[in-house]
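Beneath this line is the structure, given in structure tokens, with notes to follow.
The values are calculated or read from the model by the stated rules, or taken from the named source; none is laboratory data. Values in this document were obtained by computation on a predicted structure and should not be read as measured data. Reconstructed Cβ throughout: ideal geometry from the backbone, glycine too, with neighbour counts over all protein chains shown.
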Amino acid sequence: MSRSIKVFIVDDEPRAVDTLKKALQTFFDGIEVVGEANSLEEAYNGILASRPELVFLDIEMGTESGFQLLERFDRVDFHVVFVTAHEEFALKAIKFSALDYLIKPAGISELKSILQKVKEGQAAGQENMKVRHMFSNFLSRDKSEHKITLSVAEGYEFIKVDDILYLRADGSYTDFFLKDATQLTTSRNLKFFESILEGYGFYRIHNSTIINLKYIKRFNRSSGGYIVMEDDTEFSISKSRKDEFMELLALR
């Protein structure tokens, strides 16, 4: 890499810190580990003193949480990568806000992708907003007020879940169609959004489309059955999903 990246590692397990540090220093050039910490207090003071560009932050640290550390900063002006040993509930909130994460043990290809992103400045100026939206989602009990962070060509868009009419697959990309007729394209595939929108009233009616059930205007039984959304877009329903879909309609 052409320039040095200042890295800080936070984990309550010294062995985990050493493993990650060794991987960074062995497989990548231009990495300067400016600090490490095994507690939130130590991490907070160390980050203020060393001003890293990139912080690897363990989610669960005994009785403490990595989220508690971020809450102490007035502004998160470093790229944060959450690290965990488990696929857990917190990861959904992290994915929802387009924040980076690693499952222990971290793979070299995953580290390379994150370091490249930091090197190119892709996260500059955006991280604080993404973290704040994550905390806002945590605090709000009204899911319709939750915001999803979408990575688009120009940067990031912060969209209220309630403003989404439907999503359509476009190869490995996903197109979002909003109530105000805005269309946004993001580089994540449809399966990714199917998983994080679970529990928000969305349904995948066939391989290429996920709809917000709230915005179905009508269901027509002719031609094998199709739905009309509030913007008058029509979608057919996969035969394999039709019975399940009809059960969902009956429950609404």
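Odds and ends about this structure:
- Residue within the stretch 177-187 that is at pLDDT 95 or above, more than 26 Å from residue 100 (Cα to Cα) and of a type in the set (Asp, Glu) present: yes
- The residues in the stretch 200-252 that are within 27 Å of the chain's Cα centre (by Cα) and assigned to a loop (DSSP other than H, G, I, E, B) can be counted, and the count is 4.
- For residue 115, the criteria (1) more than 19 Å from residue 82 (Cα to Cα); (2) in the same structural domain as residue 73 (by TED's automatic domain parsing) hold in every case but one, which is (1).
- So residue 181, is it on the phi > 0 side of the Ramachandran plot, outside any helix (DSSP H, G or I) and surrounded by fewer than 12 Cβ atoms within 10 Å (Cβ to Cβ): yes
- 3 or more residues within 14 Å of the chain's Cα centre (by Cα) and surrounded by fewer than 19 Cβ atoms within 10 Å (Cβ to Cβ): qualifying helices (runs of 4 or more DSSP H) within the stretch 27-140: 89-96, 127-139
- Residues that are in contact (Cβ under 8 Å) with a residue 12 or more places away in the chain and either among the hydroxyl-bearing types (Ser, Thr, Tyr) or out of contact with any strand residue (DSSP E or B) (no Cβ under 7 Å at 6 or more places or on another chain) (or both), drawn from the stretch 74-84: 75, 76, 77, 84
- Check on residue 12, of a type outside the set (S, T, N, Q), more than 19 Å from residue 114 (Cβ to Cβ), assigned to a loop (DSSP other than H, G, I, E, B) and in contact with an Asp or Glu (Cβ under 9 Å, 6 or more places away or on another chain): yes
- Evaluated against (1) out of contact with any Lys or Arg (no Cβ under 7 Å at 6 or more places or on another chain); (2) among the hydroxyl-bearing types (Ser, Thr, Tyr); (3) surrounded by 13 or more Cβ atoms within 10 Å (Cβ to Cβ), residue 149 falls short on exactly one condition, (1).
- Set side by side, the residues 97, 109, 140, 151 differ, and just one is in contact with a helix residue (DSSP H, G or I) (Cβ under 9 Å, 6 or more places away or on another chain) and of a type in the set (Gly, Ala, Ser), which is 97.
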